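Only one structure is covered here, and it is reproduced in the block below.
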Amino acid sequence: MVKKKAKAKKVVAKKAVKKTTKKTTKKVAAKKVVAKKATKKVAKKVAKKVAKKVAKKVAKKAAPKKAPAKKIAVKKTLAKKGGDQLFDSLLELIRKTSAEIPGDIQKVILEALHREEKNTTAEYAMNIIKANIELAKKKSQPLCQDTGTILFYVSHPVGFNQTEFTKTVHKAVRKATEVGFLRQNSVDSLTGKNDSMNVGPGHPDIHFHEHKKNSVEIKLMLKGGGCENVGAQYSLPNQALGAGRDLDGVRKAILDCIVKAQGKGCGPGVLGVCIGGDRGAGYVQSKEQLLRKLDDENSVADLKKLEKDIVETANKLGIGPMGFGGKTTLLGCKIGTLNRLPASFFVSVSYMCWAYRRQGVSLKGDNSIAKWLY
Amino acid sequence: MKKLDYPFKKEDILDLRVGDMVLITGKLFTGRDAVHKRLHDGVKSPVDLQNQIIYHCGPVVIGDKKKGFEVKAAGPTTSIREEPYQWEVMRDYGIVGVIGKGGMGPKTLKGCSDYGCVYMHAIGGAAQVLAEKIKSVDNVYWEDLGSPEAIWELTVEEFPVVITMDAHGGSLHEKVQASSEEELKKYL
Ligand code: SF4
């Protein structure tokens, strides 16, 4: 991984050289002359150093000081020069998402491991999960072979070019598949054909949201098929469950889903739940709940209580990791609401496996990564 | 911790019981949805599966036949989708083990008893730990099904699994399902 990082840096440095040569000032030219005089080896080194310095300086200069200029800068970079840098940032986002579990998830997984009794199959499973998390990170390879549905959530300022962005996402996804950060995982539903590149109708699935900030924020979730398959949608009232149109009914529906999912979704997992909406919006919202950090608190008191209660109750059922029996069945539960029609009352549940791959970045004006969001 | 070594023998399989943690050393053949569907449709397996183990897995493999293959990730996939077909494969091909995740249903459990086979649960999602246990990719069959769906012949060393369905009618899945449903009643 160290090697890879070093390589990546080299590539970036080389690109920086290309980009910056045109813009370099006399100063650089002078330094270049010095470099020429030196031996070839040294020349190379110096040139690289200079390039790096210049790249930094240029980047700083390019970063505008006044707000209005910023807007224009965002637009320009996306439309023209930003393509390459955006591609690099997206590829790195995909790599990191696929190989490294976010800190909030890792924390609860370790807690779960310590809760299980020694020498049980549950502890055995949690130990292998822990080892897997460490190994995937070290090798910079997919945490799980099912690299899942590729879900992008993009928050962007007014005037953002979604078409160009989508093109670059497709390019980055193809590359990520080629180098093995992603599995060849997208199949034509009629012909069964796998295009090998993860790009096709509905895949990757990109959700755009306009926001008031000037920056672009991209969140990525890789959601495996095993856990997606055990998601469920309930239409209340549900007679078989004795679930009415109230929070108690919602609770019964969620607990039913947990019992039915046992063993199949690579537990211990996390639930994203949406109360309300139509069938489509309900599922979309249930997944967006999974973008919340595990340690955040629901601002709605009733939901906060329900989230806690679901986790506690689920962990009393003895389903355990992988359904082997044990103490940890659920690592978290996040619940949101949407308005509904008077005639409908849906509870939509998305199940996320322990291999909870989600990451996010906010981008600088030049589309390089400013900050990791998880 | 028990060990199961290649060539796999019926006696060794009959020794295994639900709850056993086992390390497998030897050969595995991957086979998931498309493979099972094709076998069920009457197409003959391209390899002899007598006394072999089938692994429900769609690995991430890079490379090609000339350069050689490398497995980048290889965890189990959900087994229950093969429930309609698995017992037939036990009957027709004499396999002695199935590795997957999530467990399987009554048809497979009966198949295990009738034909002397066990269901072994690998740790779902542990693609890297499990890929490390794969020492070589020896062959690939039915590549036309696409890389994750093809039959990959793998040699593994100390591949960790838990027996969750044995050849004597035992199923951990049935047990946990029943007890968790009972338990849930207390909290409703
Ligand atoms: S459910 Fe999650 S951990 Fe399990 S195989 Fe699918 S993606 Fe991997």
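The values are calculated or read from the model by the stated rules, or taken from the named source; none is laboratory data. These figures come from a predicted structure and were not determined experimentally. Using ideal geometry, Cβ is built from the backbone for each residue, glycine included, and neighbour counts are taken over all protein chains shown. The area values use the complete protein model at the heavy-atom level, side chains included, leaving out ligands, DNA and RNA. Shrake-Rupley method; radii C 1.70, N 1.55, O 1.52, S 1.80 Å.
Quick one: what pairs do we get from segment A:218-242, first residue charged (D, E, K, R), second away from the ligand (no atom under 16 Å from the Cβ) and part of a loop (DSSP other than H, G, I, E, B), C-beta under 9 Å, 6+ apart or different chains?
Correct list of pairs: A:219/A:291; A:219/A:373; A:219/A:374.
On the given criteria, is residue A:86 open to solvent by 10 Å² or more (accessible area, probe 1.4 Å) and either within 14 Å of another protein chain (Cβ to nearest Cβ) or away from the ligand (no atom under 16 Å from the Cβ) (or both)?
no
Restricting to segment A:110-150, name every residue that is more than 12 Å from the ligand (Cβ to nearest atom) and more than 11 Å from chain B (Cβ to nearest Cβ).
Matches in segment A:110-150: A:110, A:111, A:112, A:113, A:114, A:115, A:116, A:117, A:118, A:150.
Examine segment A:195-202 for a residue that is within 14 Å of chain B (Cβ to nearest Cβ) and within 16 Å of the ligand (Cβ to nearest atom), and state whether such a residue exists.
Taking every residue of segment A:195-202 in turn, at least one turns out to be within 14 Å of chain B (Cβ to nearest Cβ) and within 16 Å of the ligand (Cβ to nearest atom).
Only one of B:132, B:88, B:149, B:158 is farther than 21 Å from residue A:126 by Cβ and either touching a Leu at 6+ places or on another chain (Cβ under 7 Å) or more than 16 Å from the ligand (Cβ to nearest atom) (or both); which?
B:88
With the structure loaded, tell me whether residue A:181 is more than 12 Å from every other protein chain (Cβ to nearest Cβ) and either more than 14 Å from the ligand (Cβ to nearest atom) or open to solvent by 10 Å² or more (accessible area, probe 1.4 Å) (or both) or whether it fails that test.
No: the conditions fail for residue A:181.
Taking residue A:287 as the residue in question, decide whether it is open to solvent by 50 Å² or more (accessible area, probe 1.4 Å), within 16 Å of the ligand (Cβ to nearest atom) and part of a helix (DSSP H, G or I).
It is false that residue A:287 is open to solvent by 50 Å² or more (accessible area, probe 1.4 Å), within 16 Å of the ligand (Cβ to nearest atom) and part of a helix (DSSP H, G or I).
Output the number of residues of segment A:299-325 satisfying the condition of being assigned to a loop (DSSP other than H, G, I, E, B) and within 27 Å of residue A:264 (Cβ to Cβ).
Counting residues in segment A:299-325 that are assigned to a loop (DSSP other than H, G, I, E, B) and within 27 Å of residue A:264 (Cβ to Cβ) gives 8.
So which of B:63, B:42 ends up being more than 16 Å from the ligand (Cβ to nearest atom), surrounded by fewer than 18 Cβ atoms within 10 Å (Cβ to Cβ) and part of a strand (DSSP E or B)?
Result: B:63 is the single residue among B:63, B:42 that is more than 16 Å from the ligand (Cβ to nearest atom), surrounded by fewer than 18 Cβ atoms within 10 Å (Cβ to Cβ) and part of a strand (DSSP E or B).
Search segment B:80-118 for residues being within 30 Å of residue A:99 (Cβ to Cβ) and not aliphatic (A, V, I, L, M), and hand back the single one that is farthest from the other protein chains (Cβ to nearest Cβ).
Checked segment B:80-118; the qualifying residue farthest from the other protein chains (Cβ to nearest Cβ) is B:82.
Is there a residue in segment A:75-89 that is at pLDDT 50 or above, assigned by TED's automatic domain parsing to the domain that holds residue A:363 and of a type in the set (S, T, N, Q)?
Yes - at least one qualifying residue is present in segment A:75-89.
For residues that are part of a helix (DSSP H, G or I) and of a type in the set (A, V, I, L, M, F, W, C), scanning just segment A:228-251, find the one that is surrounded by the fewest Cβ atoms within 10 Å (Cβ to Cβ).
Residue satisfying both the conditions and the ranking: A:247.
Do we have any residue at all in segment A:204-227 that's surrounded by fewer than 22 Cβ atoms within 10 Å (Cβ to Cβ), more than 16 Å from the ligand (Cβ to nearest atom) and outside the structural domain of residue A:92 (by TED's automatic domain parsing)?
No, segment A:204-227 contains no residue that is surrounded by fewer than 22 Cβ atoms within 10 Å (Cβ to Cβ), more than 16 Å from the ligand (Cβ to nearest atom) and outside the structural domain of residue A:92 (by TED's automatic domain parsing).
Would you check which residues across segment A:151-171 are away from the ligand (no atom under 16 Å from the Cβ) and touching a strand residue (DSSP E or B) at 6+ places or on another chain (Cβ under 8 Å) and list them?
Those that are away from the ligand (no atom under 16 Å from the Cβ) and touching a strand residue (DSSP E or B) at 6+ places or on another chain (Cβ under 8 Å): A:152, A:153, A:154, A:155, A:156, A:157, A:158, A:160, A:162, A:165, A:166, A:169.
Taking the stated definitions as given, is residue A:255 part of a helix (DSSP H, G or I) and within 14 Å of another protein chain (Cβ to nearest Cβ)?
yes
I'd like to check something: does segment B:40-58 contain any residue that is at pLDDT below 95, within 14 Å of chain A (Cβ to nearest Cβ) and either in contact with a Lys or Arg (Cβ under 6 Å, 6 or more places away or on another chain) or over 21 Å from residue A:143 (Cα atoms) (or both)?
Yes, that holds for at least one residue.
When segment A:333-357 is examined, which residues are found to be away from the ligand (no atom under 16 Å from the Cβ) and either part of a loop (DSSP other than H, G, I, E, B) or within 14 Å of another protein chain (Cβ to nearest Cβ) (or both)?
A:338, A:339, A:340, A:341, A:342, A:343, A:344, A:345 - these are the residues of segment A:333-357 that are away from the ligand (no atom under 16 Å from the Cβ) and either part of a loop (DSSP other than H, G, I, E, B) or within 14 Å of another protein chain (Cβ to nearest Cβ) (or both).
Quick check on segment A:228-251: of everything there that is more than 16 Å from the ligand (Cβ to nearest atom) and of a type in the set (D, E, K, R), which residue is farthest from the other protein chains (Cβ to nearest Cβ)?
A:245
For residue B:178, which of the numbered conditions (1) touching a Gly at 6+ places or on another chain (Cβ under 9 Å); (2) small (Gly, Ala, Ser); (3) open to solvent by 50 Å² or more (accessible area, probe 1.4 Å) fails to hold?
So the condition that residue B:178 fails would be (1).
Give the residues of segment B:1-29 that are within 14 Å of chain A (Cβ to nearest Cβ), in a strand (DSSP E or B) and basic (Lys, Arg), sorted by residue number.
B:2
From the list B:132, B:143, B:149, pick out the single residue that is open to solvent by 10 Å² or more (accessible area, probe 1.4 Å), within 14 Å of another protein chain (Cβ to nearest Cβ) and more than 20 Å from residue B:33 (Cβ to Cβ).
Being open to solvent by 10 Å² or more (accessible area, probe 1.4 Å), within 14 Å of another protein chain (Cβ to nearest Cβ) and more than 20 Å from residue B:33 (Cβ to Cβ) holds for just one of B:132, B:143, B:149, which is B:132.
Which one of A:326, A:265, A:276 is open to solvent by less than 10 Å² (accessible area, probe 1.4 Å), away from the ligand (no atom under 16 Å from the Cβ) and of a type outside the set (Val, Ile, Thr)?
Only one candidate qualifies: A:276.
Got a number for residues in segment A:101-130 being open to solvent by 20 Å² or more (accessible area, probe 1.4 Å) and in a loop (DSSP other than H, G, I, E, B)?
Matching residues across segment A:101-130 total 4.
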